[in-house]
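J.: Before we start, here is the structure in question, set down as structure tokens.
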């Protein structure tokens, strides 16, 4: 064991400035682990257990830990406490004394806490030479409890091959470590040996176990302090590996703000101060209203009809959505807002159909054309923009739309250098117009009402008589609640 | 006009220190102004809302096939297919419903951190440590080598962390460890727009679910989530930020949740929030009431990505345990 393991107790060794995500987690775990061990403050009882001819120092049962977690972290379900405890173990903060696999069990299995020296927050990245020394040392000591597990024996064999040329050095280091260990008190050695083993169980886990030291490569790249990384438990560092690995070359550190940056910030803050914002109460009402309105469409909140394909293995739900016949529930959604009507391709088609029947479809067609323009590959944009201008805005345009002079001027200017956003102004204006005019009429139309109320048309809608009858029906149905009937067998058969 | 009426050191070429002072006092003022709008807590108002009925969400499908950590996934618009990418360099297209693997591509780099399905369903985009985002058209011919038709679209100067098609197959939005986001024309590979606003790596991006708007949000290592054309906010854990009130309106946390969330998505109505965590679990939150409804176990390593399907009937999760799961 390296010298001064307890002297270098690294409690609170985390740089308070270091708020990288890993350190935040470690701090939280360390807070929990310290609380568990604090017997005076409601922690678990850590004691010595008598076993056959020997004593087992400094242990606590898994059940005790689970109970503590449930009580002190307000966990209702023991499964959750066991899961959390297992993760704390997997990260190396507590370990079973008789197993290499780091999980927590809710029974009499005995656990020990890890020495702060070995805590992950010390940025350990032990090298293979270290691991070799450790395994070698284990084989030198004649104790049953130190016998190598199969996977460890395999690892040792591999390391012997890899470090063939420096094996003498490793052997000597292992011998030195054994000498140091022999000087320690028997009980203390039991504890230290187990903690050392648990350390290696984290950094060289049992095959099949999660390696919790694996890092997200994006975080690796941002390693701010490669010098803080500890590479050897035994004070030995491999010269060849002293180059920081490519994973640790710091990428752009966060830049210090320049004068320009601050100027931009000031301009931006001024804009924000002038922004009109809503009160939280209003926002809350709006959020609640939205979720309530869409509740019946959310398969996680309301039962779908037909059943959710993922649950029942019956794909009728999707087949129905794909068919051109929309359900009443789907049609009802078009009535929530024009955005909803346009989002649904069937809704969009019906809206267009209605407007065409009134010979007033140019606004919607313009809006759709501009949406489509934005989806085109770059090289087609300029010519398509010109086509749209010709069709809808030029003098004598076949589908002339009505723009206010200001928007018209702006658009005309934009068309001198046509791009994907040349019609943004015009599109916004037309959208507002449609919302207050065409859309409202669509919702009152036969086309829409027939679908919403699942009526079969009795008379052609575009005759005078047809319109009157529809109007009568509409007036009558206004009194009924429009919560939309569930899909009936009638709809399904069409 | 109101902004101009505020005295500012902007024009007079003042020192960095003076500018910093002005910026700090504006920030303070902004905080005060916003605090005035904080008249109530969301979960208080939501007390009168009905509880969500007990959910019995379970794993409905497990997709096995990747050889290493699954880093990203995306749904196809057809609500059942998905694409996933892994540390082992493979990108797989699955029919999630039948568990069929329909296509597989081997990328020239490992750590494929981003992937996206094109709206048409005819192509996928992916990239990672190669600093690029490439588009692969999906061929119906099983024998055809997809890699042959690969098209390099985006080029960054650092790793690709996220990609997404905007409303069409023709434009690709990317985010990168080089601190920028960019919009590209797929056909020509030309850079259409560049977004500089993060001071460090950009880790993720998400498009606003709107036909009419052209907004997206990006999150970065500088602890900012930028909504482009709008306000940067500081956000580290699972928080709900409302753009209209310009403030955080809810935080989703629990004493027993120690590990961070890697990915979140809303259910269709916005009532539920699904969050994948580094403790291998997925937590389901009531967005309005702020409480956790349930915790889902199943993955055996970190959850890297969570996405709700286009029609909201399920959500998929990708994990470092090399599998994907579909939950409903």
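J.: Could you list A:313, B:39, B:279 in order of exposure, starting from the residue whose Cβ has the fewest other Cβ atoms within 10 Å?
T.: Values: A:313 10, B:39 13, B:279 26.
The fewest-first ordering by Cβ neighbours comes to A:313, B:39, B:279.
J.: Let me ask something else about it. So for segment B:99-205, averaging the separation of alpha carbon pairs under 8 Å that are six or more residues apart and normalising by length, what relative contact order in percent results?
T.: Numbers: 258 pairs, mean separation 21.9, N = 107.
Contact order relative to length: 21 percent.
J.: Summarise the long-distance tail of P(r) for segment A:23-103 by giving the % of C-alpha pairs beyond 21 Å. Walk me through the numbers before you get to the answer.
T.: On the way: 943 of 3240 pairs.
Here the tail beyond 21 Å accounts for 29 percent of pairs.
J.: Kindly give Rg over Rh for segment A:137-205, based on alpha-carbon atoms, with the Kirkwood expression for the hydrodynamic radius.
T.: Working: Rg = 12.8 Å, Rh = 13.2 Å.
Using only Cα positions, Rg/Rh for segment A:137-205 is 0.97.
J.: Now, a different point. From other protein chains only, count the Cβ atoms within 10 Å of every residue's Cβ in A:310-316, then give the mean. Present the calculation step by step, with values, prior to reporting the outcome.
T.: Values: counts 14, 7, 2, 2, 0, 3, 0.
The mean count of partner-chain Cβ atoms within 10 Å per residue comes to 4.
J.: At a Förster radius of 45 Å, what calculated FRET efficiency corresponds to the Cβ-Cβ distance of residue A:183 and residue A:279, to the nearest 0.05?
T.: Working: r = 70 Å, r/R0 = 1.56.
Efficiency, rounded to the nearest 0.05: 0.05.
J.: When ranked by the protection proxy of mean other Cβ atoms within 10 Å per residue, highest first, what sequence do the peptides B:58-71, B:153-166 form?
T.: Highest mean packing first, the order is B:153-166, B:58-71.
J.: Additional query: Average partner chain C-beta neighbours within 10 Å, per residue of B:260-272?
T.: Details: counts 5, 0, 2, 0, 0, 0, 2, 8, 9, 13, 8, 10, 4.
If you average over the peptide's residues, the count of other-chain Cβ atoms is 5.
J.: Still on this structure: Sorted by packing (mean other beta-carbon atoms within 10 Å per residue), highest first, where do A:417-426, A:134-143 land? Intermediate results must be reported in sequence, preceding the final value.
T.: Values: A:417-426: 19.6, A:134-143: 17.2.
Sorting A:417-426, A:134-143 by mean packing, highest first, produces A:417-426, A:134-143.
J.: I would also like to ask the following. Give me the distance in nm between label points sitting 7 Å out from Cα along the Cα-to-Cβ direction at residue A:303 and residue A:399, one decimal.
T.: Taking the two extended label points, one gets 4.5 nm.
J.: Sketch the reach of a paramagnetic label on residue B:109 as a point 7 Å from Cα along Cα-to-Cβ, and name the residues of segment B:116-160 whose backbone nitrogen lies under 16 Å away.
T.: From segment B:116-160, the list is B:116, B:125-136, B:151-160.
J.: Work out, step by step, the length gained on full extension between residue A:34 and residue A:143: first 0.36 nm times the residue separation, then minus their alpha carbon distance; give nm to one decimal.
T.: Details: separation 109, 0.36 × 109 = 39.24 nm, distance 3.14 nm.
This chain segment gains 36.1 nm when fully extended.
J.: Within 10 Å, count the other beta carbons around each residue, average over each peptide in B:44-55, B:308-319, and list them highest first.
T.: Answer by packing, highest mean first, reads B:308-319, B:44-55.
J.: Would you tell me the mean number of C-beta atoms belonging to other protein chains that fall within 10 Å of each C-beta in A:71-80, as a whole number? Kindly include the intermediate steps, with their values, before the conclusion.
T.: Details: counts 0, 2, 5, 3, 4, 1, 3, 0, 2, 6.
Mean shielding by partner chains, rounded to a whole number: 3.
J.: Given Cα pairs under 8 Å that are at least 6 residues apart, what percent is the relative contact order of segment A:95-221? Display every interim value, and only then the final one.
T.: Numbers: 86 pairs, mean separation 39.4, N = 127.
RCO, segment A:95-221: 31 percent.
None of the figures in this text is laboratory data; all of them are computed from the coordinates on show. Bear in mind the structure is a predicted one, so any value in this text is a computation, not a measurement. Using ideal geometry, Cβ is built from the backbone for each residue, glycine included, and neighbour counts are taken over all protein chains shown.
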